[in-house]
1. Quick check on Val113: is it of a type in the set (A, V, I, L, M) and modelled with pLDDT of 95 or more?
2. Take region 214-242 and flag every residue that is polar (S, T, N, Q) and surrounded by 14 or more Cβ atoms within 10 Å (Cβ to Cβ).
3. Which residues, taken from region 44-78, are surrounded by fewer than 15 Cβ atoms within 10 Å (Cβ to Cβ) and under 40 Å from the mean Cα position of the chain (by Cα)?
4. Is it fair to say Ala175 is part of a helix (DSSP H, G or I) and either without any contact (Cβ under 8 Å) to a residue 40 or more places away in the chain or hydroxyl-bearing (Ser, Thr, Tyr) (or both)?
5. Using beta carbons and a limit of 6 Å, which pairs, at least six apart or on different chains, have the first residue in region 119-147 and touching a residue at least 24 places away in the same chain (Cβ under 8 Å) and the second one of a type in the set (S, T, N, Q)?
6. Hey, can you tell me all the residues within region 148-160 that are free of Cβ contacts under 8 Å to residues at least 24 places away in the same chain and of a type in the set (D, E, K, R)?
7. Based on this model, can you work out whether Asp163 counts as modelled with pLDDT of 90 or more, part of a helix (DSSP H, G or I) and surrounded by 15 or more Cβ atoms within 10 Å (Cβ to Cβ)?
8. Is it the case that Arg64 is of a type in the set (Lys, Arg), in a helix (DSSP H, G or I) and either more than 28 Å from Glu116 (Cα to Cα) or modelled with pLDDT under 85 (or both)?
Amino acid sequence: MPTAPLVDQLKLLDLQDIDTAIAKLGHERRSLPVLEHITQLTGRAGDLHDELVLATSAAGDARRALTKAEADVEQVRSRAARNQTRLDSGEGLSRELVALQEEIAHLAGRQAVLEEAELEAMETSEAADARVAALQEQSASVATDLESLGAERDAAFARIDADVTARQAERDAVAASLPTVLMDEYEAARRQTGGLGAVAVRGHRAEGVNVDFTLAEQSLIDAAAEDEILISEDHGFLLVRVGDRR
């Protein structure tokens, strides 16, 4: 069994407190509520971008349809105006003038139909443009919120990282004061347990963790020399005796 002075073993409890604090800080950094908000808003920003692309395309199609409708109306109006000018001049054979009157009447009906189509195209274009404007406004709002949340996240990261740096400096100082064999056993225990390297044991009771020692482990604790490094066979962590030995 490896050995180390009990005073050094007791320092492992301080080291474990520091490692636990660092682990909690890491968990806090990964689970900040602002990160979930950023994820949600980033997804919303992506959806808005896709919607805006489609809406912009639809608005372009609507504007082109309106331009065509306006051109169709203008073409009919111009032809009707030319015919009316010819009719008003009274020049030409009577049958030509009659034909002009009939065409003017036909063009008037055609113009009414085209103007109705133009009005519908105008309404469609205005609605499409309004849709684009609304999406642009939403996108800008989301971008502003993301910028604000990003600043909040960065401030939280800076605070946590500063705490981690300070705690790591404490850890380095404690670790440097411990025998290599003790640190090796401690680190091996942490790897095996996923972070728990040392537990305080008072009598047959572990402090800070809900575990019960077997009779064999209780006997091992009772029989071990003060400087003996004890490792729980069932749980893997080091057992640091702090008093009340039986």
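1. Numbers: of a type in the set (A, V, I, L, M): yes; modelled with pLDDT of 95 or more: no.
No; evaluated as a whole, the condition is false for this residue.
2. Gln218, Ser232
3. Hits for region 44-78 are Gly46, Asp47, His49, Asp50, Val53, Leu54, Ser57, Gly60, Asp61, Arg64.
4. Numbers: part of a helix (DSSP H, G or I): yes; either without any contact (Cβ under 8 Å) to a residue 40 or more places away in the chain or hydroxyl-bearing (Ser, Thr, Tyr) (or both): no.
Taking the combined requirement at face value, the residue does not satisfy it.
5. Val132/Thr56
6. Within region 148-160, Asp154, Arg159 qualify.
7. Values: modelled with pLDDT of 90 or more: yes; part of a helix (DSSP H, G or I): yes; surrounded by 15 or more Cβ atoms within 10 Å (Cβ to Cβ): yes.
In short, yes.
8. On the way: of a type in the set (Lys, Arg): yes; in a helix (DSSP H, G or I): yes; either more than 28 Å from Glu116 (Cα to Cα) or modelled with pLDDT under 85 (or both): no.
When the stated conditions are applied, Arg64 does not pass them.
The values are calculated or read from the model by the stated rules, or taken from the named source; none is laboratory data. Predicted model only: the values in this text are computed from it and were never measured. For neighbour counting, all protein chains shown are included, and Cβ atoms are generated from backbone atoms with ideal geometry for every residue, glycine included.
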